[in-house]
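Contents: one structure, followed by commentary.
The values are calculated or read from the model by the stated rules, or taken from the named source; none is laboratory data. In this text the structure is predicted, and so the values were computed from the model without any measurement. Glycine also receives a Cβ, built like all others from the backbone with ideal geometry; neighbour counts cover every protein chain displayed. We work out accessible area using only protein heavy atoms, side chains counted, and drop any ligands, DNA or RNA first. Shrake-Rupley method; radii C 1.70, N 1.55, O 1.52, S 1.80 Å.
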Amino acid sequence: MSGEACCECGDSAVDARVKVQNLKKIFNPKTVAIVGASSEPGKVGYQILNNVVQNGFKGKIYPINKKAKEILGVPCFTSLLDIPGDVDFAVIAVPAPLVEGVLKECAQKNVKGTVIITSGFSEIGKVKEEQALKDFADKNDIALLGPNTFGFVYTPANLNASFGPTNVTPGKIAFVSQSGALAISLMGWTMMEKIGLAAVVSLGNKADIGEKELIEYFNDDPNVSVILIYMEGIKDGRKFMTTKVRKPVVILKSGSSQRGAQAAASHTGSLSGSDKIYSAVFNQLGMMRAKTFTQAFGAATVMSMPMPQGDETVIITNGGGIGVSATDECENSGLKLLEDPVWLEEKFRSTMPEFGSTKNPIDVTGGGGCESYRKAVHIALTEDKIKSLIVLYCETAVTDPVQVAKAIVEEYNAVKRNKPIVVTMVGGERSRQAIQILNENQIPAMTEVREAVSGLKSLYTWKEISLRPKEKVKNPEIPAKALELIEAVRREGRTFLLEHESRQVLELCGVPMPKWGFATTADEAVKVAEEKKMYPIAMKIASVDIIHKSDVGGVILNIKNAEDLKARFAQMMETVKKNAPKADLLGVNLCQMVDGVQCIVGMNKDPQFGPAVMFGLGGIFVEVLKDVSFRIVPFNESEAHRLVGEIKAKKLLDGYRGQGAHKESIIKTLMAIQKISQHVKEVDINPLITNKDGSYAVDARIII
Ligand code: ACO
């Protein structure tokens, strides 16, 4: 199974793969050198050596210090070059001006993995100095983490090469953080919650090793089952788009509000470059986005559960209110609760007092006690009809949460962890203890219902992602004639195509059009309209000098017949000449009037990720609700379907209140628009009107 998606711009750079391979030297070294190790406990170099030693690293440790003979009982060397034998990995913790020299020694010594702790590079504007480190590392196939990082912890190798906290709880989550401070604080939090980590990696300035390399390394690391990333931004969007995702990746990305960027949100340009693009990227790559760190860790811990073998979920609770709240969360997130009242009554009645409820949620009531939980959990775990389980507990004086937790662990182990289960325990000190017991036993437990439900939902999402077929997506080619038309306009020195030119180009690419035509005189307009049986018609002025056509009287809708058309043509020419006397009037665009749901389709160049295609509902949905989603070019038809299914008002497309959409032609439009994405700056099809019979680009604009 794999959620791997790959586009043609793919992982072509051989050195990228070498870097990923060399990460093994960082995470699983046989020998570690700490350059800048110090005998002064207040110094970073001391703390790192201390962490390496104290954490029980089994390989050889070489502190490098110009003066000291030994530090913390470990013999020192004055230089990397004095070390007899190979060195796999070097931590560099010397002042910034000395870093390049040490890196050169790494190359001389054939060290392939380095972590540069030192600050004072691009984060303070020293971009060139940092680039020099990157270039040197590239030339010598050195994997370089940092600079400006607090290092990393990798529990399977007992390696703590950081100046962060010690005693990380071992587990299967690889936590990668762009913020050092957040990583340090969350290490403490995970220890308290007994959430196990395989790795904590502080990315620092990401001069070389970034999210892509780490995801691809952990893809093949059997000690890691899920990758959790805290991200502030991506350095190289196109490179990130080539990331191969083969294990669940949960992303916590900050900066979701982009003030002002969406203010004038009526077309593609103002809606892109935003957080929505990041969401699109994560969706397209098959990564899951979390909103808070508790939600992110919740989802990550649930990923160690077995895959659900079906949709039916059962909730077991001792409180009505919390059960209702979980039901709401399930419905909102699309988790399906098992509905079979007769069967549920037959199976669960014996687990509760008479006044309990066997409707899903199964409410064993406050008086139910630990044995009620044990029995109900046992049934839920052993009955095939139930595919996943949410257990909720509200602390009461009569039932000890610790006993409930232990009963859940025993029952779950007895059935050999056969299906996913998540637990929420709400209460005081004893409930917290119960949560820790569950987490220690790899049963995800949280204090919030919302987190438990969204965690379980993430597992279902990952199941769907991992079943997606692996497909290479090619950059679509533009038809030669369409390119010719664009180039002709470019040669004229124009930056935009006129409406009829835009229509021609888009039609050649496969965008579905209503009946349309172009005419320079009233007689010609009538002839085109009659020939194409176009009535009723929308008529719009064509002029390179007029951008806002309605403002000058250049748009007339609902023209019913030839007589009307002639009269309106004359009227339009007169009004426009009066309102825009200097404009060169080329003629009129004629377009059949179409009814249906108004959508918006656009293409824009995102500065980070390149061409991005937008889809959403038009009118108020785009202006007020900004209900649009994006995908990065290139993407395939399945991805286009997911894009269409992502918008909040998708019910309208599914035929709500007699409305309806022609999905195939919407998908066709999204595929077609990609063909010109490499050759123009911006495309707007607003609106694309869709009804049961088809979709129609009623207005079209291309900027080159
Ligand atoms: N080879 C071997 N040893 C050397 C070399 C060398 N080329 N050069 C210097 N040293 C020794 C020094 O003699 C010293 O040892 P000593 O204490 O025995 O004299 C040791 O290396 C450290 O050098 P100092 O000059 O004392 O440097 P200091 O420890 O003050 O600072 C450091 C070095 C920590 C790398 C500093 O420059 C720095 O960048 N600090 C910030 C680190 C940071 O915050 N990173 C981001 C983390 S993210 C987060 O925390 C949220």
Exercise for review: Give me the compactness ratio for the range 67-127, meaning the Cα radius of gyration over 2.2 N^0.38 Å.
Suggested key: 1.24
Practice item. Please work out the C-alpha center-to-center distance from the range 299-360 to the range 492-532 and express it in whole Å. Key: 58
Review point. Given a 1.4 Å probe, how much area per residue of the chain is accessible, in Å²?
Key: 42
**Study point:** Carbon + sulfur, % of accessible area of the range 543-665 - ligands and nucleic acids excluded, 1.4 Å
**Key:** 50
Check your understanding: What is the Cα centroid distance between the range 631-704 and the range 588-603, reported in whole angstrom?
Key -> 12
Practice item. Return the long-range amide H neighbours of GLY210 (sequence gap of 5 or more, or a different chain), with a cut-off of under 5 Å between placed amide H atoms. Key: none
Practice item. Tabulate in residue order the Karplus-calculated ³J(HN,Hα) for the range 176-187, using 6.51 cos²θ - 1.76 cosθ + 1.60 with θ = phi - 60°, rounded to whole Hz; enter x for Gly and Pro. Key: 10, 10, 7, 9, x, 4, 5, 4, 4, 5, 6, 4
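Is there a quick way to get the dipole size of the range 13-254? I mean about its Cα centre, with the Cβ of Lys and Arg at +1 and of Asp and Glu at -1; what is the value in debye to the nearest 20?
300
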**Study point:** Hz values of 3J(HN,Hα) by residue in the range 688-704 - Karplus curve (6.51, -1.76, 1.60), Gly and Pro given as x
**Key:** 9, 8, 10, 9, 4, 8, x, 10, 9, 6, 7, 9, 8, 9, 10, 10, 10
Practice item. Report, in degrees rounded to the nearest 10, the 0 to 90 angle that the Cα long axis of helix 293-302 makes with the longest principal axis of the chain. Key: 80
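Average projected area of the Cα convex hull of the range 13-254, in nm²?
Average projection, Cα convex hull of the range 13-254: 12.1 nm².
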Point to revise | Backbone HN-Hα couplings from phi across the range 499-507 [Karplus 6.51/-1.76/1.60, Hz, Gly and Pro as x] | key: 4, 5, 6, 4, 4, 4, 4, 5, 5
Review point. Among PRO611, ILE689, ALA649, which residue has its Cα positioned farthest towards the positive end of the charge dipole of the range 597-703, with +1 placed on the Cβ of Lys and Arg, -1 on the Cβ of Asp and Glu, and the dipole taken about the Cα centre?
Key: ALA649
**Study point:** Cα-only Debye scattering, the range 544-693: base-10 log of I(q)/I(0) at q = 0.10, 0.12, 0.15 Å⁻¹
**Key:** -0.47, -0.65, -0.90
Check your understanding: Roughly speaking, to the nearest percent, how much of the range 311-466's 1.4 Å accessible area is carbon and sulfur?
Key -> 49
Check your understanding: When you count, for each residue, the other Cβ atoms within 10 Å and take the mean per peptide, how do 528-541, 628-641, 145-158, 484-497 rank with the highest first?
Key -> 145-158, 628-641, 528-541, 484-497
Practice item. For the chain, just run the numbers: alpha carbon Rg, then divide by 2.2 N^0.38 Å, N being how many residues it has. Key: 1.17
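What percent do you get for the relative contact order of the range 311-466 when only Cα pairs under 8 Å and 6+ apart count?
Relative contact order comes out at 25 percent.
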Point to revise | Heavy-atom accessible surface of the range 13-254: percent carbon and sulfur, 1.4 Å | key: 54
Revision key, fill the gap. For the table LYS387/LYS457; LYS244/LYS419; LYS172/LYS472; LYS474/LYS692; LYS481/LYS515, the rows whose alpha-carbon distance is greater than 23 Å are LYS244/LYS419; LYS172/LYS472; LYS474/LYS692
**Study point:** Residue pairs, from the table LYS109/LYS206; LYS276/LYS406; LYS66/LYS128; LYS126/LYS212, whose Cα atoms sit over 31 Å apart
**Key:** LYS276/LYS406
